[in-house]
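Working notes for the structure below.
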Amino acid sequence: TCALIAIDRALQLLVLCPEHRQGLTAIDGGAFRGSALQHLLASGLFAQILAYEPDPESYYSLCENISQDQRVKLSNFALGESNTFLPFYRGDFPATNSLLPRPQNEFAPYYPVKAVHRQTLDVRVVSLDKEIEKHGLDKINFIKLDLQGGELAALRGTKDALEMGAVDVIVCEVVFIRKYDNQPLYHEIATYLAQFGYSLYAIDDLKLGDYDSNEEDLRAGQWNQADAIFLSPQIRAMLDRI
C-alpha cells in the first residue's frame, strides 16, 4: 500500500491554498483494508471520500475497519479505463492481487515468491470520469492510486477530469521494473500525466531489489517500486510562488 509519508506530503501541498483546508474531496483507489483511508479521515480535511477495493475479502475487511462514517462511500469495484467486467487475479498475498497476471517468462521475478496468483474471478471495473459524473463532483482535491499495475489504466479513465485540471494532487504507486504482465513503468505514467500539465513533486518510499535475494546479489540494487506525487498546474503554481 502507498506509504503514509507520501500521503502526508500531498496533504501539506493541498493546504497551500486557503480554500483547501477543509471540506475537500478525495478518491482512494485500491483502498485494501483501509489504512490510508483512515489516515485521510483523521486529517480532518475531507468532507467526501470515494474508496474503491475490488477484492471481496479485502473489501469485507475494509467495511469492518471503516465504521459508518458519512464522509465515506465504499465501493467493491476496480478502477480502470472504462466501465466493464474483467478477470481479477488473486493469491495468498492479498496486497498484490491485480487486474494484471504475473508475467510468464523464465526470468527471476521482482516480487515475493509467496505472491503468486492462484485463481481469478470477474470484478466490476469503473472509470473515475464516470464515477465523478455519477456523484456530481466538479473537483477532486486528492487521488491515491495503489492498483498493482492498474494505475495507468485508472488515470486514462480519469482523462476528462485531468484535461479540465479538476484533480489537484495525485499519489500513485509506480514501478521501475515490471512485476505484472504488461505493467506500465514509472516513465509511462509520468509521460501520460505530463500531457495535462501534471508534474512530479517527489518520489517516496523507494523499494529496492526483488524481496527474496540477499544484499550481495546485484539484483538488490535494482529500483523496484515507489510512491510518486504529481501536482496539477494550479498547485505547482502556488508552490512556486511561495
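The values are calculated or read from the model by the stated rules, or taken from the named source; none is laboratory data. Keep in mind it's a predicted model, so treat the numbers as computed, not measured. Counting neighbours? That spans all protein chains shown, and the Cβs are built from the backbone with ideal geometry, glycine included. For accessibility, only protein heavy atoms count, side chains too; no ligands or nucleic acids. Shrake-Rupley method; radii C 1.70, N 1.55, O 1.52, S 1.80 Å.
Please work out which residue is surrounded by the fewest Cβ atoms within 10 Å (Cβ to Cβ), limiting yourself to region 62-106 and to residues that are of a type in the set (A, V, I, L, M) and assigned to a strand (DSSP E or B).
Going residue by residue through region 62-106, those that are of a type in the set (A, V, I, L, M) are 62, 66, 72, 74, 78-79, 86, 95, 99-100.
Of the ones still in play, those that are also assigned to a strand (DSSP E or B) are 72, 74, 78-79, 86.
On the way: Val72: 22, Leu74: 19, Ala78: 25, Leu79: 27, Leu86: 17.
Filtering region 62-106 for residues that are of a type in the set (A, V, I, L, M) and assigned to a strand (DSSP E or B), the one surrounded by the fewest Cβ atoms within 10 Å (Cβ to Cβ) comes out as Leu86.
So which of Asp129, Asp122, Asp168 is open to solvent by less than 50 Å² (accessible area, probe 1.4 Å) and under 27 Å from Ser61 (Cα atoms)?
On the way: Asp122 fails: open to solvent by less than 50 Å² (accessible area, probe 1.4 Å); Asp168 fails: under 27 Å from Ser61 (Cα atoms).
When all the criteria are applied, what remains is Asp129.
Is it the case that region 160-177 has a residue that's touching a residue at least 60 places away in the same chain (Cβ under 8 Å), over 14 Å from the mean Cα position of the chain (by Cα) and more than 18 Å from Leu200 (Cα to Cα)?
Scanning region 160-177 turns up at least one residue that is touching a residue at least 60 places away in the same chain (Cβ under 8 Å), over 14 Å from the mean Cα position of the chain (by Cα) and more than 18 Å from Leu200 (Cα to Cα).
Has region 127-134 got any residue that is at pLDDT 95 or above, charged (D, E, K, R) and within 17 Å of the chain's Cα centre (by Cα)?
Residues of region 127-134 that are at pLDDT 95 or above, as a first pass: 127-134.
Restricting the remaining residues to those that are charged (D, E, K, R) gives 129-131, 133-134.
Those still in the list that are within 17 Å of the chain's Cα centre (by Cα) too: 129, 131.
Yes, region 127-134 has at least one match.
Of the residues Leu121, Leu137, which single one is within 20 Å of the chain's Cα centre (by Cα) and either among the charged types (D, E, K, R) or more than 30 Å from Ala220 (Cβ to Cβ) (or both)?
Leu137
Tell me which residues, restricted to region 11-25, are in contact (Cβ under 8 Å) with a residue 12 or more places away in the chain and open to solvent by 40 Å² or more (accessible area, probe 1.4 Å). Walk me through it before giving the result.
First, pick out the residues of region 11-25 that are in contact (Cβ under 8 Å) with a residue 12 or more places away in the chain: 11, 13-17, 20-25.
Result: Val15, Leu16, Arg21, Gln22, Gly23.
Could you list, in sequence order, all residues of region 152-174 that are of a type in the set (Val, Ile, Thr) and not in a loop (DSSP other than H, G, I, E, B)? Let's see the steps before the verdict.
If we filter region 152-174 for residues that are of a type in the set (Val, Ile, Thr), which is where we start, we get 158, 167, 169-171, 174.
Correct list: Val167, Val169, Ile170, Val171, Val174.
Output the residues belonging to region 40-52 that are open to solvent by 10 Å² or more (accessible area, probe 1.4 Å), in contact (Cβ under 8 Å) with a residue 12 or more places away in the chain and either outside any strand (DSSP E or B) or on the phi > 0 side of the Ramachandran plot (or both).
Once the filter is applied, which keeps residues that are open to solvent by 10 Å² or more (accessible area, probe 1.4 Å), in contact (Cβ under 8 Å) with a residue 12 or more places away in the chain and either outside any strand (DSSP E or B) or on the phi > 0 side of the Ramachandran plot (or both), region 40-52 yields Leu41, Ser43, Gly44, Leu45.
Can we say His135 is surrounded by fewer than 16 Cβ atoms within 10 Å (Cβ to Cβ) and under 29 Å from Leu4 (Cβ atoms)?
yes
List pairs: first residue in region 186-200 and open to solvent by 40 Å² or more (accessible area, probe 1.4 Å), second residue among the hydrophobic types (A, V, I, L, M, F, W, C) and modelled with pLDDT of 95 or more anywhere in the structure, Cβ distance under 7 angstrom, at least six positions apart or on different chains.
Pairs found: Tyr186/Val174; Tyr186/Val175; Tyr186/Phe176; Tyr186/Ala228; Glu188/Leu152; Leu200/Ala190; Leu200/Ala228; Leu200/Phe230.
Using the structure shown, decide if Ile177 is in a loop (DSSP other than H, G, I, E, B), of a type in the set (Val, Ile, Thr) and surrounded by 13 or more Cβ atoms within 10 Å (Cβ to Cβ).
yes
Quick check on region 220-235: of everything there that is in contact with a Phe, Trp or Tyr (Cβ under 8 Å, 6 or more places away or on another chain) and under 14 Å from Tyr198 (Cα atoms), which residue is most open to solvent (accessible area, probe 1.4 Å)?
Of the residues in region 220-235, the ones in contact with a Phe, Trp or Tyr (Cβ under 8 Å, 6 or more places away or on another chain) are 222-226, 228-233.
Filter once more, so that each one left must be under 14 Å from Tyr198 (Cα atoms): 228-233.
Numbers: Ala228: 0, Ile229: 0, Phe230: 2, Leu231: 0, Ser232: 1, Pro233: 64 Å².
Here the residue is Pro233.
Residues that are touching a strand residue (DSSP E or B) at 6+ places or on another chain (Cβ under 8 Å), modelled with pLDDT under 95 and open to solvent by less than 50 Å² (accessible area, probe 1.4 Å): does region 26-33 have at least one? Working first, answer last.
Initially, region 26-33 is screened for residues touching a strand residue (DSSP E or B) at 6+ places or on another chain (Cβ under 8 Å), giving 26-31.
Remaining after also requiring modelled with pLDDT under 95: none.
No.
May I ask you to verify whether Tyr211 is assigned to a loop (DSSP other than H, G, I, E, B), of a type in the set (Phe, Trp, Tyr) and either touching a strand residue (DSSP E or B) at 6+ places or on another chain (Cβ under 8 Å) or surrounded by 15 or more Cβ atoms within 10 Å (Cβ to Cβ) (or both)? Give the derivation first.
Values: assigned to a loop (DSSP other than H, G, I, E, B): yes; of a type in the set (Phe, Trp, Tyr): yes; either touching a strand residue (DSSP E or B) at 6+ places or on another chain (Cβ under 8 Å) or surrounded by 15 or more Cβ atoms within 10 Å (Cβ to Cβ) (or both): yes.
Yes.
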